[in-house]
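A.B. asks: Below you'll find the structure I mean.
The values are calculated or read from the model by the stated rules, or taken from the named source; none is laboratory data. Since we're looking at a predicted model, the values are computed, not measured. Glycine also receives a Cβ, built like all others from the backbone with ideal geometry; neighbour counts cover every protein chain displayed. The protein model used for the area step is the full one, side chains on, heavy atoms only, and it has no ligands, DNA or RNA in it. Shrake-Rupley method; radii C 1.70, N 1.55, O 1.52, S 1.80 Å.
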Amino acid sequence: MDSDKEIQRQYYQVAKSMLQHRSDTNVEDLYFYNTRTKPGTPDYTEEILRGLKESKKGEIVSFHNHPLGMPLSAGDLNAALKNGYKKGYTIGHDGSVFKYTSPIYIIDEAVYNKRICLHLEKGDSEFQAQINALRDLQEFYKFSFKEMKPDG
């Protein structure tokens, strides 16, 4: 997730804490790691809101959990654009981790959902339909995403 071993350790601690906090729930947490300062705390606390306001574009790395292990959503991408994230990670309780970058335009949720429906109609699972919808949109909106694997 980063070439700096200390930052890698801190990312791991944030992800572990988040997963333990929301284990066996269907509720999401949101953590930020400001590359200029230290990790924030869950939820949009005054501290996080202030950190977002005071940070420059490209300084924040976002972490939040997806209880069912689903890929990132259009809302996740739009938050990355709005808040100027350097990058974001979704972390599933099933062990899945997705890395993503900000789009250059706000993604219309209806467009994203329509793409998912088209893939569901073709017989894709919900998970695969979301992956394929993201692939359909990434070139136009200029974002990247990938599922992180233990070896990479």
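A.B. asks: Using beta carbons and a limit of 6 Å, which pairs, at least six apart or on different chains, have the first residue in the stretch 138-150 and under 15 Å from residue 80 (Cα atoms) and the second one open to solvent by less than 100 Å² (accessible area, probe 1.4 Å) and part of a helix (DSSP H, G or I)?
C.D. replies: Here the result reads 143/77; 145/134, each pair linking the stretch 138-150 to a residue that is open to solvent by less than 100 Å² (accessible area, probe 1.4 Å) and part of a helix (DSSP H, G or I).
A.B. asks: Taking the stretch 109-144 only, how many residues are in contact with a Pro (Cβ under 7 Å, 6 or more places away or on another chain) and within 23 Å of residue 2 (Cα to Cα)?
C.D. replies: 2
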